[in-house]
Amino acid sequence: MIYDWYESQRAILSPLADFAQAASKFYTNPLWPLSQAPSMQRVSASYELMHRLLKSYEKPQFGIASVRIGERDVAVQEQVAIDKPFCRLLRFKRYSDDHEVLRQLKGHPTVLVVAPLSGHHATLLRDTVRTLLRDHKVYITDWVDARMVPTEHGTFPLDDYVAYVQEFVRHIGPDVHVISVCQPTVPVLGAISLLASAGDVAPRTMVMMGGPIDARRSPTAVNNLATTKSLKWFESNVIYRVPVNYPGAGRRVYPGFLQHTGFMAMNPDRHMQSHYDFFLHLVRGDDGDADAHRRFYDEYNAVLDMDADYYLDTIRTVFQEFALVQGSWRVAGEPVRPQDIHASALLTVEGELDDISGAGQTQAAHDLCTSIAPEHRSHYTVPGAGHYGIFSGKRWRELVYPRVREFIARHRQSGQIAEPVVARRRRSA
């Protein structure tokens, strides 16, 4: 019922949001004689703020048409490499008419960015992708809003997420470098562990950023909520069925609007101050700062629904049973054994001020991947960075990315990491 009520409220507020947008433009229209009056700028700013608070936010586009490589702007085309019911594997194909530049592009390593399926769209990693494109061929997982997936495609449990990652790695091939951001660090480590145990294709490197590998370490508010409430509580209080006006009508989901409420509740004072500052920027005519606010909240306020099975599986497996670190996680009946990974180098990245994935949670991957030699493992804590700062913004571009680029370059050659004798014996037995 809550989902239906939300949709009704959204339908009612939509005309008011449109009116506020029109009013904001009207009061600053240069054709209106009073538009230059000081009070009109304040009235217009009030209406625009109202518009942004009431409007619905749709999924943004990546919008990466070109990237600067050296002294040249290289064209970028977004392509769908694999189209599955719950995810599209996107490729950002770079083009150039210059044969020397084209040769350089073909020599770049290939990266698979596994975006989080935790409320926001993959476009949250736009800055991540744009930066990586300077020196890499880039693929990314573009997760589909569950309310847009018809029920005939079935549910999407955590096991299927792991299977998707395995399929994408196999599709790209053994020269891929996998970067997982936040939530997917656990299923990605699970997927690569299963590939290693089966003697299947293995990525050259694993770069894991700000994820809950071991959510017992430095627990945050997110972790505490998951451990203080039962799985039945989550199923009863946050799981609802998609209304009839969407293709996925009847599907059980964790709705995006509830997730967004949780995001805002984590730092309400910060968001209120940000919106007040936006109002002041509009009044003063600080267009640059106002545009920065719009860009951030256009992304932050655009959320998606998660399939209920996936969400509940994640709560139980990652945040309540700690199955990966306890050694009890099984995917499709197969045990997940990170200790079988030997041919992939490991880099973990954490933010010093991360209030979503606490200190040590991502670094815990090193304690699990015991067959990776120390010289092929590395960890970096980003000074002064919160959760988003490790993959977006100035700290990502100036502090994190150079280390990621160097780590990938150092481990990109096939066969650089030798297979341990113990692993060879185990597979031949």
Checklist entry - Among Gly285, Gly262, Gly210, which one moves the most in a GNM of the chain with springs linking Cα atoms closer than 10 Å? => result Gly285
Item to check | P(r) histogram, all alpha-carbon pairs of the range 86-216 included - 10 Å bins from 0, percent | outcome: 12, 41, 32, 12, 2, 0
Next on the checklist: Counting each pair of different Cα atoms once, what's the Kirkwood radius of the range 221-298 in Å, rounded to one decimal?
Outcome noted: 15.5
Item to check | Radius of gyration and maximum dimension Dmax of the range 149-290, Cα, Å | outcome: 20.3, 62
Item to check | Positive-end extreme of charge dipole, the chain - chosen from Asn29, Val404, Ser8 (charges on Cβ) | outcome: Val404
Checklist outcome for this item: With Cα springs under 10 Å, the Gaussian network model of the chain assigns the largest mean-square fluctuation among Pro15, Pro203, Pro383 to Pro15
Checklist entry - Give me the Kirkwood hydrodynamic radius of the chain in Å, from all C-alpha pairs, to one decimal place? => result 23.2
Checklist entry - In debye, nearest 20: dipole of the chain around its Cα centre with unit charges on the Cβ of K, R (+) and D, E (-)? => result 660
Next on the checklist: Using only the alpha-carbon atoms, how far is helix 256-266 inclined from the longest principal axis of the chain? Give it as 0 to 90 degrees, nearest 10.
Outcome noted: 90
Checklist entry - Hey, what do the phi angles of the range 228-236 turn into as Karplus ³J(HN,Hα) couplings, whole Hz, using 6.51/-1.76/1.60 and θ = phi - 60°, x for Gly and Pro? => result 8, 10, 7, 4, 5, 4, 4, 5, 7
Checklist entry - Taking Cα pairs under 8 Å and at least six residues apart, what relative contact order does the chain come out at, in percent? => result 18
Checklist entry - Lys/Arg Cβ at +1, Asp/Glu Cβ at -1, dipole of the chain taken about the Cα centre: which of Ala364, Ser392, Gln41 is farthest positive-ward? => result Ala364
Checklist entry - What do you get for Rg/Rh over the range 1-102 if you use C-alpha atoms and the Kirkwood form of Rh? => result 1.21
Checklist entry - For the range 380-391, in order, what is each residue's ³J(HN,Hα) by Karplus, 6.51 cos²θ - 1.76 cosθ + 1.60 with θ = phi - 60°, in whole Hz (x at glycine and Pro)? => result 9, 9, 7, x, x, 9, x, 5, 6, x, 7, 10
Checklist entry - So what are the three principal axis dimensions of the range 365-412 from its Cα atoms, in whole Å, longest to shortest? => result 34, 23, 13
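Only the coordinates and a few stated rules stand behind these numbers; no lab work does. The structure presented is a predicted model; accordingly, all values stated were derived computationally and were not measured. In this analysis, Cβ positions are derived from the backbone assuming ideal geometry, glycine residues included, and neighbour counts consider all displayed protein chains.
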